[in-house]
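Readers should treat all values here as calculations from the given coordinates under stated rules, not as data from a laboratory. Here the structure is a predicted model, which is why all the values come from computation and not from measurement. For neighbour counting, all protein chains shown are included, and Cβ atoms are generated from backbone atoms with ideal geometry for every residue, glycine included.
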Amino acid sequence: MKTAISIPDELFVSAENTAKKLGIPRSQLFAKALEEFIQNHSKEKITEKLNEVYDKNFFESDNSISNISVSTLRKSLKNDSW
């Protein structure tokens, strides 16, 4: 799909030089740059969501699961010889 964008002259020159160095068309460089930007931005969203899930309050509010896990582990290792 074709689209028109406005960018600063310096950025255009830098993009032009980079595309030449890489041996790819300028439009391919722009497409790749946009793709990478979107992927990186998506990773930030994933990190934010994971941070919400693993928030400190999450663990503090559910200590019973940790206690059960420790208790189960102790029972399973009770007869271990080492």
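What distance in nm separates the simple spin-label points at Q39 and L11, each placed 7 Å from Cα in the Cβ direction? It works out to 2.1 nm between the two label points.
For region 1-61, the residue among L34, G23, I5 whose Cα projects farthest onto the positive side of the dipole built from Cβ charges is G23.
Cross-link reach is defined here as a Cα-Cα straight distance under 28 Å, omitting same-chain residues fewer than 8 places apart; for K32 the lysines meeting it are K2, K20, K21, K43, K45, K49.
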